[in-house]
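The values are calculated or read from the model by the stated rules, or taken from the named source; none is laboratory data. A quick note: this is a predicted structure, and the numbers were derived from the prediction, not measured. Quick reminder, even Gly has a Cβ in these numbers, built from the backbone with ideal geometry, and neighbours come from all protein chains shown. These area figures cover heavy atoms from the full protein model, side chains too; ligands, DNA and RNA do not enter into them. Shrake-Rupley method; radii C 1.70, N 1.55, O 1.52, S 1.80 Å.
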Amino acid sequence: MSFLAEPTLKKPAPPPNEDVVVDVVELMLTEEEKRLFDLMRDVVRKNKLGTTLRVAGGWVRDKILNFKMEDSKAVDIDIALDNMLGCDFAILVNRWLEENGEEHHDFGVMHKNSEKSKHLETARVKVLGLSIDLVNLRTETYTEDSRIPTAQIGTPLEDALRRDLTIN
(Lines give C-alpha, C1' and ligand atoms only; values in the text may rest on other atoms or scores of the structure.)
Protein backbone atom coordinates (compact mmCIF):
# COMPACT_ATOMS: atom_id res chain seq x y z
CA MET A 1 0.00 0.00 0.00
CA SER A 2 1.10 3.54 -0.66
CA PHE A 3 0.34 5.33 2.54
CA LEU A 4 2.05 4.77 5.83
CA ALA A 5 0.65 5.32 9.28
CA GLU A 6 3.72 6.43 11.14
CA PRO A 7 3.93 9.66 13.15
CA THR A 8 6.11 11.19 10.44
CA LEU A 9 5.72 10.48 6.74
CA LYS A 10 8.57 11.17 4.36
CA LYS A 11 8.19 11.40 0.61
CA PRO A 12 10.58 8.91 -1.05
CA ALA A 13 13.25 10.50 -3.18
CA PRO A 14 13.13 9.87 -6.94
CA PRO A 15 16.09 8.17 -8.62
CA PRO A 16 19.14 10.42 -8.98
CA ASN A 17 18.91 12.76 -11.96
CA GLU A 18 20.75 16.04 -12.27
CA ASP A 19 17.58 17.68 -13.65
CA VAL A 20 15.55 16.84 -10.53
CA VAL A 21 15.60 18.84 -7.31
CA VAL A 22 14.72 16.63 -4.35
CA ASP A 23 13.20 17.88 -1.11
CA VAL A 24 12.09 15.62 1.69
CA VAL A 25 8.76 16.63 3.14
CA GLU A 26 7.81 15.44 6.62
CA LEU A 27 4.12 15.18 7.38
CA MET A 28 3.07 15.06 11.02
CA LEU A 29 -0.07 12.98 11.56
CA THR A 30 -2.50 13.45 14.40
CA GLU A 31 -3.44 10.43 16.48
CA GLU A 32 -6.84 10.41 14.71
CA GLU A 33 -5.17 10.38 11.30
CA LYS A 34 -2.81 7.56 12.29
CA ARG A 35 -5.76 5.56 13.57
CA LEU A 36 -7.72 6.21 10.37
CA PHE A 37 -4.87 5.09 8.11
CA ASP A 38 -4.27 1.98 10.24
CA LEU A 39 -7.97 1.15 9.96
CA MET A 40 -7.96 1.56 6.18
CA ARG A 41 -4.90 -0.66 5.87
CA ASP A 42 -6.66 -3.28 8.02
CA VAL A 43 -9.69 -3.17 5.68
CA VAL A 44 -7.44 -3.79 2.67
CA ARG A 45 -5.57 -6.65 4.39
CA LYS A 46 -8.62 -8.32 5.93
CA ASN A 47 -10.46 -8.37 2.61
CA LYS A 48 -7.35 -9.30 0.56
CA LEU A 49 -8.11 -6.44 -1.82
CA GLY A 50 -4.65 -5.70 -3.17
CA THR A 51 -5.78 -2.06 -3.25
CA THR A 52 -3.31 0.79 -3.11
CA LEU A 53 -4.76 3.76 -1.25
CA ARG A 54 -3.37 7.19 -2.11
CA VAL A 55 -4.10 10.26 -0.02
CA ALA A 56 -4.59 13.30 -2.24
CA GLY A 57 -6.02 16.78 -2.42
CA GLY A 58 -6.21 19.65 0.03
CA TRP A 59 -5.37 17.57 3.09
CA VAL A 60 -1.95 16.77 1.62
CA ARG A 61 -1.40 20.42 0.64
CA ASP A 62 -2.33 21.60 4.13
CA LYS A 63 0.01 19.04 5.71
CA ILE A 64 2.89 20.10 3.44
CA LEU A 65 2.25 23.76 4.31
CA ASN A 66 1.93 22.78 7.98
CA PHE A 67 -1.54 24.30 8.36
CA LYS A 68 -3.19 23.37 11.63
CA MET A 69 -6.88 22.54 11.65
CA GLU A 70 -8.46 23.90 14.83
CA ASP A 71 -11.31 21.41 14.52
CA SER A 72 -10.08 17.98 13.42
CA LYS A 73 -13.70 16.99 12.75
CA ALA A 74 -13.73 19.52 9.87
CA VAL A 75 -10.90 17.65 8.12
CA ASP A 76 -11.75 16.27 4.67
CA ILE A 77 -9.37 13.58 3.41
CA ASP A 78 -9.47 12.45 -0.23
CA ILE A 79 -8.35 8.89 -0.88
CA ALA A 80 -7.84 7.56 -4.41
CA LEU A 81 -8.34 3.84 -5.03
CA ASP A 82 -6.60 1.98 -7.82
CA ASN A 83 -8.81 -1.06 -8.35
CA MET A 84 -12.32 -0.62 -6.95
CA LEU A 85 -15.18 1.82 -6.64
CA GLY A 86 -15.32 4.16 -3.67
CA CYS A 87 -18.80 2.96 -2.66
CA ASP A 88 -17.58 -0.67 -2.53
CA PHE A 89 -14.67 0.32 -0.29
CA ALA A 90 -16.99 2.43 1.91
CA ILE A 91 -19.17 -0.65 2.47
CA LEU A 92 -16.10 -2.61 3.61
CA VAL A 93 -14.97 0.22 5.90
CA ASN A 94 -18.40 0.38 7.53
CA ARG A 95 -18.41 -3.41 7.96
CA TRP A 96 -14.98 -3.21 9.65
CA LEU A 97 -16.21 -0.44 11.97
CA GLU A 98 -19.30 -2.43 12.94
CA GLU A 99 -17.34 -5.66 13.51
CA ASN A 100 -14.86 -3.80 15.71
CA GLY A 101 -17.44 -2.02 17.85
CA GLU A 102 -16.81 1.40 16.31
CA GLU A 103 -19.46 3.90 15.32
CA HIS A 104 -20.34 3.61 11.65
CA HIS A 105 -22.44 5.88 9.45
CA ASP A 106 -24.40 5.72 6.26
CA PHE A 107 -22.37 6.99 3.36
CA GLY A 108 -23.30 9.13 0.42
CA VAL A 109 -22.38 8.61 -3.21
CA MET A 110 -21.97 11.57 -5.53
CA HIS A 111 -22.69 9.94 -8.87
CA LYS A 112 -20.91 10.90 -12.04
CA ASN A 113 -22.54 13.76 -13.91
CA SER A 114 -20.62 14.90 -16.98
CA GLU A 115 -22.76 18.03 -17.32
CA LYS A 116 -21.26 19.27 -14.05
CA SER A 117 -17.73 17.98 -14.80
CA LYS A 118 -18.15 15.15 -12.28
CA HIS A 119 -16.65 12.26 -14.22
CA LEU A 120 -16.39 9.47 -11.65
CA GLU A 121 -18.50 8.80 -8.63
CA THR A 122 -17.20 9.66 -5.19
CA ALA A 123 -18.24 7.99 -1.95
CA ARG A 124 -18.21 10.14 1.19
CA VAL A 125 -18.14 8.38 4.54
CA LYS A 126 -17.52 9.47 8.12
CA VAL A 127 -14.79 7.35 9.75
CA LEU A 128 -13.68 7.90 13.33
CA GLY A 129 -15.20 11.38 13.13
CA LEU A 130 -13.28 12.33 9.98
CA SER A 131 -14.90 12.96 6.60
CA ILE A 132 -13.38 10.74 3.89
CA ASP A 133 -13.93 10.98 0.13
CA LEU A 134 -13.16 7.77 -1.80
CA VAL A 135 -12.61 8.07 -5.55
CA ASN A 136 -10.92 6.13 -8.33
CA LEU A 137 -7.77 7.07 -10.14
CA ARG A 138 -8.81 8.00 -13.66
CA THR A 139 -7.78 8.74 -17.18
CA GLU A 140 -9.71 11.07 -19.46
CA THR A 141 -10.12 11.21 -23.23
CA TYR A 142 -11.69 14.03 -25.23
CA THR A 143 -13.51 14.07 -28.53
CA GLU A 144 -13.19 16.93 -31.00
CA ASP A 145 -16.78 18.05 -30.43
CA SER A 146 -16.82 18.25 -26.61
CA ARG A 147 -14.95 19.84 -23.73
CA ILE A 148 -16.32 17.11 -21.45
CA PRO A 149 -14.05 14.07 -21.22
CA THR A 150 -14.92 10.43 -21.09
CA ALA A 151 -13.42 9.02 -17.91
CA GLN A 152 -12.19 5.53 -17.14
CA ILE A 153 -10.35 4.02 -14.20
CA GLY A 154 -6.69 4.77 -14.79
CA THR A 155 -3.20 4.28 -13.44
CA PRO A 156 -1.48 6.65 -11.01
CA LEU A 157 0.52 8.11 -13.91
CA GLU A 158 -2.57 8.64 -16.08
CA ASP A 159 -4.35 10.30 -13.16
CA ALA A 160 -1.38 12.60 -12.50
CA LEU A 161 -0.97 13.55 -16.16
CA ARG A 162 -4.57 14.76 -16.48
CA ARG A 163 -4.13 17.28 -13.63
CA ASP A 164 -3.00 20.87 -13.99
CA LEU A 165 -0.71 20.50 -10.98
CA THR A 166 0.10 17.51 -8.81
CA ILE A 167 2.17 17.87 -5.65
CA ASN A 168 1.69 14.49 -4.03
Problem set entry | Area accessible to solvent at Ser146, 1.4 Å probe radius, in Å² | 40
For this session: Please give the peptides 99-107, 83-91 ranked by average Cβ packing (other Cβ atoms within 10 Å per residue), highest first, as a rough proxy for protection.
Result: 83-91, 99-107
Exercise. Out of residues 5 or more away from Glu121 or on other chains, whose amide H comes under 5 Å of its own, with H placed 1.01 Å from N in the peptide plane?
Worked result: Lys112
Exercise. Sorted by mean Cβ packing within 10 Å, highest first, what order do the peptides 57-64, 138-145, 44-51, 33-40 take?
Worked result: 33-40, 57-64, 44-51, 138-145
Exercise. Put a dot 7 Å past each Cα toward the Cβ at Asp145 and Asn66; how far apart are the dots in nm?
Worked result: 5.5
